[in-house]
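What follows is a set of notes on a single structure, which appears directly below.
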Amino acid sequence: MKMGILVGGGPAPGINGVIGAAAIEAVNNDIEVLGFFDGFKHLTAEHFNPKEHVWPLSIPDVGRVHLNGGSILRTSRTSLIAPNKIDENAVVEADPQKVQRVLSRFKELGVTMLLTIGGDDTALSARFVCEGSRGAVRVAHVPKTIDNDLPLDGDVPTFGYTSARTLGTELVANLMEDSRTTGRWYLVQTMGRNAGFLALGIGKAAGATLTLIPEEFPGDTTVADLATIIEGAVLKRRVMGRQDGVAVIAEGLAYKLGDAAELSQMLGREVPVDAAGHPRLAEVPLANLLKDELTRRFKARGDKLTIVSHTLGYELRCARPQSYDLAYCRDLGHGGVRLLLDWQRDLPGGVMVTIRHGELHPVPFDSLVDPRTKRTRIRQVDLRSYYYEVARAYMIRLEPEDFDAPKMLDALAHEAKVSPFQFRKTFEPVVLGCSKQPGPVTLHAAGGN
């Protein structure tokens, strides 16, 4: 038997741990393991050379790779989505030519099992391979993303998330100390395309002044409204006696500003899309846009505010995995091989490898499909959860009750150099709009970091 392993999407701490664990378990079960470089990139290309693009993996090759970040098989964002179906709101379909190329090359190499490692788009391509093979290729997908947005049971994280959060927390804590020392504000933009888990996790763990995530804005928003929320936090922080602060901002908020065309118009240049049809958020300088807007506002009132924008991105993705991910990825890699060996014939679309209550739990791909777009479903931060409620409790930002407390309203208006009436007119609609979410936020801390 032969098993292929490939990695798709962005890097995440722990990839090598999954590769190593899976390769060792496969070899111990007399399965030959072929590692494919760069995800589906070469498998779908016109030119494919097994000597260049395939690495036969042995136990000595992978015995210690789990300790390192990155991916020994590298990665790419090549997907099997039909080119005319890459708009992220369209119903996706497989590219028949790409799928056929992959299956033909697997047949030539004798590959009958495939372990894919990646996020929602790689899971989608893995499903296309399994469906296209009509059972000839068994496919198991290991969910990987620092965004933590794949729909695993309960609050089980995707691997890579906890390690990225740990490093991100350390970096934000350093910026918080610099902020306190210099009396400036930092706007820290973090990764997180569709969900705010990483931003909220970092902001909560570090005790950042406030965190903004996409889930707080169910509809579209604007740079002006986002700046208003941060401006209100700056003013409230000053009323509380502090000139410094750190705001953590999830990059996925850029999606709330419009699609690729609208973002391109706003920026005055084209915002490209990736292989799966998503606008490339690395091309949208959200933190800089907010910095410029806030600087303009404070200058207009004759006030000075020193703001530094900073992006936490690529340095989190290839970090060395922390102990949680080191152990977790052993389970996932081993479990992926066990599921491929114990294949159930009623799984035409393949399975996602998950661990629930310490036990291996296969989730059929079919159950992960969004019926509207046929893409892999994602999960988002539940604003009704206690997890979010506690995170919000320790933020310093304007709350609805601030407008009904005369002393606080007067102090805020004085700091903003406007009348209480004007302050309320400017800030209250935005604050209330952001607060109209499912489930009340009932805890509010008196201070913060």
Q. Among the residues of the range 41-58, how many are in contact (Cβ under 8 Å) with a residue 40 or more places away in the chain and either among the hydroxyl-bearing types (Ser, Thr, Tyr) or not assigned by TED's automatic domain parsing to the domain that holds Arg330 (or both)?
A. 1
Q) From Val337, Val353, Val271, which residue is part of a helix (DSSP H, G or I), among the β-branched types (Val, Ile, Thr) and buried (at least 18 other Cβ atoms within 10 Å of the Cβ)? A) Val337
Q) Out of all the residues in the range 308-315, is one or more modelled with pLDDT of 90 or more, of a type outside the set (Lys, Arg), over 21 Å from the mean Cα position of the chain (by Cα) and assigned by TED's automatic domain parsing to the domain that holds Gly183? A) yes
Q. Mind checking whether some residue in the range 245-262 is in the same structural domain as Asp220 (by TED's automatic domain parsing), under 23 Å from Thr209 (Cα atoms), surrounded by fewer than 16 Cβ atoms within 10 Å (Cβ to Cβ) and modelled with pLDDT of 95 or more?
A. no
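On the given criteria, is Lys236 over 28 Å from Thr145 (Cβ atoms), among the charged types (D, E, K, R) and at pLDDT 95 or above? Step through it out loud before you land on a result.
Working: over 28 Å from Thr145 (Cβ atoms): yes; among the charged types (D, E, K, R): yes; at pLDDT 95 or above: yes.
Answer is yes for this residue.
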Q. Consider Thr182 against the criteria (1) more than 29 Å from Pro429 (Cβ to Cβ); (2) in contact with a Cys (Cβ under 6 Å, 6 or more places away or on another chain): it satisfies all of them except one. Which criterion is unmet?
A. (2)
Q: Search the range 35-51 for residues being more than 12 Å from Arg105 (Cα to Cα) and buried (at least 22 other Cβ atoms within 10 Å of the Cβ), and hand back the single one that is farthest from the chain's Cα centre (by Cα).
A: Gly35
Q.
Tally up the residues in the range 386-422 that are closer than 30 Å to Val156 by Cβ and free of Cβ contacts under 8 Å to residues at least 40 places away in the same chain, please.
A. 1
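Based on what the data block shows, is Phe197 more than 28 Å from Pro13 (Cα to Cα) and under 18 Å from the mean Cα position of the chain (by Cα)? Explain how you work it out, then say what you get.
Values: more than 28 Å from Pro13 (Cα to Cα): no; under 18 Å from the mean Cα position of the chain (by Cα): yes.
Considered against the rule, which asks whether it is more than 28 Å from Pro13 (Cα to Cα) and under 18 Å from the mean Cα position of the chain (by Cα), Phe197 comes out as no.
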Q: Within the range 423-434, count every residue that is over 29 Å from the mean Cα position of the chain (by Cα) and either under 18 Å from Lys299 (Cα atoms) or in contact (Cβ under 8 Å) with a residue 60 or more places away in the chain (or both).
A: 3
Q. What is the one condition in (1) surrounded by fewer than 23 Cβ atoms within 10 Å (Cβ to Cβ); (2) of a type outside the set (Asp, Glu); (3) assigned by TED's automatic domain parsing to the domain that holds Val234 that Thr190 does not satisfy?
A. (1)
Q. Quick check: is even one residue across the range 206-226 crowded, with 22+ Cβ neighbours inside 10 Å, within 21 Å of Leu383 (Cα to Cα) and among the acidic types (Asp, Glu)?
A. yes
**Q.** Residue check for Asn29: free of Cβ contacts under 8 Å to residues at least 24 places away in the same chain and polar (S, T, N, Q)
**A.** no
Q: Among the residues of the range 106-136, count how many are of a type outside the set (S, T, N, Q), surrounded by 20 or more Cβ atoms within 10 Å (Cβ to Cβ) and not in a strand (DSSP E or B).
A: 12
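Under the condition of being assigned to a loop (DSSP other than H, G, I, E, B) and of a type in the set (Val, Ile, Thr), which residue from the range 137-158 is nearest to Gln97 (Cα to Cα)?
Pass one, the range 137-158, residues assigned to a loop (DSSP other than H, G, I, E, B): 137, 145-158.
Next, only the ones that are of a type in the set (Val, Ile, Thr) stay: 137, 145-146, 156, 158.
Details: Val137: 17, Thr145: 28, Ile146: 31, Val156: 36, Thr158: 31 Å.
Ranking the candidates gives Val137 first.
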Q.
From the list Asp38, Asp61, exactly one residue is in contact (Cβ under 8 Å) with a residue 12 or more places away in the chain and in a loop (DSSP other than H, G, I, E, B). Which is it?
A. Asp38
Q: Can you confirm whether the range 317-331 contains a residue that is buried (at least 17 other Cβ atoms within 10 Å of the Cβ) and in contact with a Leu (Cβ under 6 Å, 6 or more places away or on another chain)?
A: yes
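The values are calculated or read from the model by the stated rules, or taken from the named source; none is laboratory data. Values in this document were obtained by computation on a predicted structure and should not be read as measured data. Cβ atoms come from the backbone with ideal geometry, glycine included; neighbour counts cover every protein chain shown.
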